[in-house]
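Please treat every number below as a calculation from the coordinates, not as lab data. Bear in mind the structure is a predicted one, so any value in this text is a computation, not a measurement. Positions of Cβ are generated from backbone atoms using ideal geometry, with glycine treated the same way; all protein chains shown enter the neighbour counts.
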Amino acid sequence: MAHALWRAVARKGDLAVDATAGNGWDTAVLAELVLGDDGEEPGAVLAFDVQPSALASTRRRVDERLDAEKASRVQLVLDSHATLEAHVGEYEGARRAADDEQIVAARDDARDDARDDGSSSVASRGVGVACFNLGYLPGADSDKSVVTETTSTVRAVRAAIAALRPGGVLTVVGYVGHAGGAEETEAVAALVATLDPKTFTAATHAVVNRENCPRLIVVHRKETTVERNRT
Ligand code: SAM
């Protein structure tokens, strides 16, 4: 279900963030959605994980699915997603500098046509899709003691929401079957419930006819801020 939402929203040239790369299944899907081909906006994916083995697995999967040039635009971050704000900020700074260079080059090439209002023809900036798949890495050999934690998750989710571009989406899959999982999922749901409805739509989806099913939490940033008057 989360993938369907990403597909509806992602644009070539977007920045996508996988805050919990794990084995790279989600990272690879995000890369296919946002990385542009020749002549399109390039786009990029930032994928975080605290386990080197997880990032190695993500790198393998991305390299299998994408050509070398596109794979190089998937940046793996061996760090907690609690640092998301700084990493996205760094990426955005570099992207702004590249946009500025493009505008200067356009002015030099065709002074009459060049824009001088600082705008560019590139897609709007910010994060198009951000995803979290909480808990621990599944699999017989994985270290189940490495698990996402409420404080860093909430901090990272807050930063991801702040970074969404208009029209962008955040999905969080929370698990309730392991120690701390229910509290963590509840903390994220409580956070998104406080978002300004003029700017965001926040929703949760839960399967109710099976025990311990994961819960999907979604935040969609509206294209424009909407003032709504009830009559
Ligand atoms: N979406 C992944 C996939 O496609 O394979 C699975 C993610 S798995 C459920 C959760 C991952 O979060 C684990 O690989 C774990 O190492 C990672 N993780 C735990 N704490 C983290 C943190 N603070 N920052 C980033 N990743 C973290």
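Compute the normalised compactness of the range 1-40: alpha-carbon radius of gyration over 2.2 N^0.38 Å, N being the residue count.
Details: Rg = 10.3 Å, N = 40, 2.2 N^0.38 = 8.9 Å.
My calculation over the Cα atoms of the range 1-40 gives 1.15.
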TODO: Could you please state, rounded to a whole Å, how far the C-alpha centre of the range 5-83 is from the C-alpha centre of the range 154-231?
DONE: 21
Task: the chain, relative contact order [Cα under 8 Å, separation at least 6], % - done: 18
Open item on the list: Step by step: find N for the chain, compute 2.2 N^0.38 Å, then divide the Cα radius of gyration by it. What's the final number?
Closed with: 1.08
- [ ] Quick one: what are the phi-derived ³J(HN,Hα) couplings along the range 196-212, Karplus 6.51/-1.76/1.60 with θ = phi - 60°, whole Hz, x for glycine and proline?
- [x] 5, x, 6, 10, 10, 10, 10, 8, 10, 10, 9, 7, 10, 10, 9, 7, 6
Task: Residue-span extension gain [Asp38 to Thr225] - 0.36 nm each, minus C-alpha spacing - done: 64.0 nm
TODO: Specify the residue with the greatest mean-square fluctuation among Gly167, Gly89, Gly128, computed from a Gaussian network of the chain linking alpha-carbon atoms under 10 Å apart.
DONE: Gly89
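Looking at the range 1-109, which GluC sites (Glu not before Pro) are DSSP coil and have at most 13 other C-beta atoms within 10 Å of their C-beta? Could you put the intermediate results ahead of the total?
Working: sites: Glu32, Glu40, Glu64, Glu69, Glu85, Glu90, Glu92, Glu101; in loops: Glu40.
Loop-located and lightly packed - Glu40.
Assigning unit charges at the beta carbon (Lys, Arg +1; Asp, Glu -1) and nothing else, what dipole magnitude in debye, to the nearest 20, does the chain show about its Cα centre? Numbers along the way, then the final one.
Details: 26 positive and 36 negative charges, 186 e Å.
The dipole magnitude comes to about 900 debye.
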- [ ] Would you calculate a helix-derived [θ] at 222 nm for the chain, using -39,500 (n - 2.57) for each DSSP H run of n ≥ 4 and dividing by the full residue count, to the nearest 500?
- [x] -12000 deg cm²/dmol
